[in-house]
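Structure first, then comments.
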Amino acid sequence: MALQGKIYNIERYHIHDGDGIRTNIFMKGCGLSCPWCCNPESQSFGNDLAVSMHKCVGCGRCISACPVHAISIQDGNIVTDHKKCTSCGVCVKRCFHDARTLFGQDMTVKEVMEEIRRDQAYYVRSGGGVTFSGGEPSLQADFVNECMRLCKLEFINTAMETCGGAPSDKMLKAAEYADTILYDIKTFDDDKFQKFSSFSLRQVLDNVKLLRERGKYIILRCPIIPSFNKTPEHIDRVIDLALENGIHRIDVLPFHQLGSYKYKALGKSYELSELPTLEKSSVAELAWRIENASLTCVVGG
């Protein structure tokens, strides 16, 4: 049987997650459930149904299609019971208005490579390539490894975005053919980290060291969340981690609300709905501390 990966999205023409114009392959499943996650559809390892009610015209075709009777009309509105829903995707096929989306698709290496090759000319012209994101790509290490190996044979630049939350053997396998590792550092407080992670903070920090020992080029990325880690002390710890491991760039990613609408569509609650978006100017002091340590800092990634 052909090697398959569980993917929830493929986006083309990205310009932030690595150099140049890139194709982002979003892998399903993550060992973390960060409250500020802008891709909540990535967290589970199974399929997820999202319902965009602003697109729904109330035709009711989805109601008769649902095999587990998870969809009904209440007070004149179409309502989906996400607890009953098995994310089979039947209702998605019956919706003519794109109000329903199934996140999660099993794809072979061959199928993914066909998608990557579509924009190969843009990679060459812009110095771009492909970035495996998620979710956590290293939790599907064999699949990511094989895709990147084939990319390298075709001289396609490769990057992997990771939260570091994976066993070391999987992390090293996934990153074997990666040119760049975009490595998230969220906190140095293990008690805070354990509230949303199935992995230890020690594992995350050890993986940084292991990747550097194998000569991997790492960019540290710091999502800055008010009331969680928006402090000079946190950034100083990130700077120390960079200097200890010969890492020369730290990206500062100010908190935003761009993915907040997804939680409602997935039938999930969003804890940070009242938190204001951070302007770039609000993290200027943190960026200055990084630059003052003779490191490169990019605000926004």
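Among residues other than Gly18 with Cβ under 11 Å from its Cβ, the summed charge is -3 (Lys and Arg +1, Asp and Glu -1).
Across the range 178-301, the mean sequence separation of Cα contacts (distance under 8 Å, 6 or more residues apart), normalised by length, yields a relative contact order of 26 percent. 3J(HN,Hα) along the range 11-21, derived from phi through the Karplus expression 6.51 cos²θ - 1.76 cosθ + 1.60 where θ = phi - 60°, amounts to 10, 9, 6, 6, 10, 10, 9, x, 6, x, 7 Hz, with x in place of Gly and Pro.
What the phi angles of the range 227-243 give under the Karplus curve with 6.51, -1.76 and 1.60, with θ = phi - 60°, is a coupling list of 6, 10, 9, 7, 9, x, 4, 5, 5, 4, 5, 5, 4, 4, 4, 5, 5 Hz, glycine and proline written as x. Each Cα pair under 8 Å and six or more residues apart adds its separation to the average, and for the chain the resulting relative contact order is 19 percent.
Between Ser281 and Ala2, the contour length at 0.36 nm per residue exceeds the alpha carbon distance by 95.6 nm. Suppose we keep just the DSSP beta bridges with both residues in the chain; what percent of those would be antiparallel, to 5? Among the beta bridges of the chain, antiparallel pairing accounts for roughly 40 percent. With both residues required to sit in the range 54-187, DSSP beta bridges show an antiparallel share near 35%.
Less than 5 angstrom separates the built amide H of Asp251 from those of Leu220, Arg221, Cys222, Val298, all sequence-distant by 5 or more or on a different chain.
Qualifying trypsin sites (Lys or Arg not before Pro) in the range 39-133, where qualification requires a DSSP coil assignment and no more than 16 other C-beta atoms within 10 Å, comprise Lys83, Lys84, Arg118. The chain gives an Rg/Rh value of 0.99, both radii derived from C-alpha positions and Rh following Kirkwood.
When the helices of the chain are scored as -39500 (n - 2.57) per DSSP H run of n ≥ 4 and the total is divided over every residue, the value at 222 nm lands at -8500 deg cm²/dmol. Here the Karplus relation 6.51 cos²θ - 1.76 cosθ + 1.60, evaluated at θ = phi - 60°, turns the backbone of the range 130-140 into coupling constants of 10, 10, 8, 10, x, x, 10, x, 5, 7, 10 Hz, with x for every Gly and Pro. Restriction of the GluC sites (Glu not before Pro) in the range 119-215 to DSSP coil positions whose beta-carbon has at most 13 other beta-carbons within 10 angstrom yields Glu154. Along the charge dipole of the range 1-152, Cβ charges K/R +1 and D/E -1, which of Leu3, Phe45, Gly29 sits furthest on the positive end? So the residue we want is Leu3.
A cut-off of 5 Å between modelled amide H atoms, ignoring neighbours fewer than 5 places along the same chain, links Asn9 with Phe26. Per residue, the chain exposes 48 Å² of accessible surface when a 1.4 Å probe is rolled over the protein heavy atoms with every protein chain present. Taking a point 7 Å from the Cα of Ser294 along the Cα-to-Cβ direction, the residues of the range 203-240 with backbone N closer than 16 Å to it are 239-240. Rolling a 1.4 Å probe over the protein heavy atoms of the chain, with every protein chain left in place, gives an accessible area that is 50 percent carbon and sulfur.
Taking Cα atoms only, the orientation of helix 201-213 departs from the longest principal axis of the chain by about 60 degrees.
The values are calculated or read from the model by the stated rules, or taken from the named source; none is laboratory data. Remember, it's a predicted structure, so these values are computed and weren't measured experimentally. Quick reminder, even Gly has a Cβ in these numbers, built from the backbone with ideal geometry, and neighbours come from all protein chains shown. SASA here: full protein model, heavy atoms, side chains in, ligands and nucleic acids out. Shrake-Rupley method; radii C 1.70, N 1.55, O 1.52, S 1.80 Å.
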